[in-house]
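Peer 1: Here you go, one structure.
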């Protein structure tokens, strides 16, 4: 049975769940650089926007009782692949020695015309998997 994860903030901006837990896996919806306190977009550098996106993902992970250590896969959507190196530098600071698998793609357009969106998949380490030994 799936469980909807709804953090206090950031709030979903449409008819979707911020995260869904199913069989020990947690699927996090894409986050954009929206300040959860003011509901305003962060419009600074790609590093500032990437940091805000990852902080938003951190809030959703915390609502699920998880952290970046539990993330196994991310997808980064960039409006301009020329931002890759700067995004990558900021992104790396949020993950330890064992970062998750990642896909990064350039897209034509993102919600609210932001420059970056990141989604994630995490594994709940407390879940009892039937195939685990």
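Peer 1: Three principal axis extents, largest first, for the C-alpha atoms of the range 44-97, in Å?
Peer 2: Largest first, the range 44-97 extends 34, 23, 16 Å along its Cα principal axes.
Peer 1: Taking 4 °C and 1.567 mPa s as the conditions, I'd like the Stokes-Einstein D for the range 1-75 in µm²/s, using the Kirkwood hydrodynamic radius from alpha carbon pairs. Don't skip to the end; give the middle numbers.
Peer 2: Working: Rh = 12.8 Å.
Value of D from the Cα-based Kirkwood radius: 101 µm²/s.
Peer 1: Roughly speaking, what is the stretch gain from residue 23 to residue 4, that is 0.36 nm per residue apart minus the C-alpha to C-alpha distance, in nm to one decimal?
Peer 2: Working: separation 19, 0.36 × 19 = 6.84 nm, distance 1.25 nm.
Roughly 5.6 nm would be gained on extension.
Peer 1: Return the distance in nm (one decimal) between the two label points of a simple spin-label model at residue 110 and residue 75, each offset 7 Å from Cα along Cα→Cβ.
Peer 2: 1.4 nm
Peer 1: Could you tell me the ratio Rg/Rh of the chain? Both radii from Cα atoms, Rh via Kirkwood.
Peer 2: Values: Rg = 14.7 Å, Rh = 15.2 Å.
Using Cα coordinates only, the ratio equals 0.97.
Peer 1: Compute the semi-axes of the equivalent ellipsoid of the range 83-130, taking the square root of 5 times each eigenvalue of the Cα gyration tensor, and list them largest first in whole Å.
Peer 2: 27, 16, 9
Peer 1: Assuming 0.36 nm per residue, please report the length gained on full extension of the stretch residue 97 to residue 62 beyond their Cα-Cα distance.
Peer 2: Working: separation 35, 0.36 × 35 = 12.60 nm, distance 2.02 nm.
Between residue 97 and residue 62, full extension yields an extra 10.6 nm.
Peer 1: Report, in degrees rounded to the nearest 10, the 0 to 90 angle that the Cα long axis of helix 46-63 makes with the longest principal axis of the chain.
Peer 2: Value to nearest ten degrees: 20.
Where a number appears in this text, it was derived from the coordinates with a stated rule and is not lab data. Computed from a prediction, not measured in an experiment: that's the story for all the values here. Because the Cβ atoms are built from the backbone with ideal geometry, glycine has one as well, and the counts that use them run over all protein chains shown.
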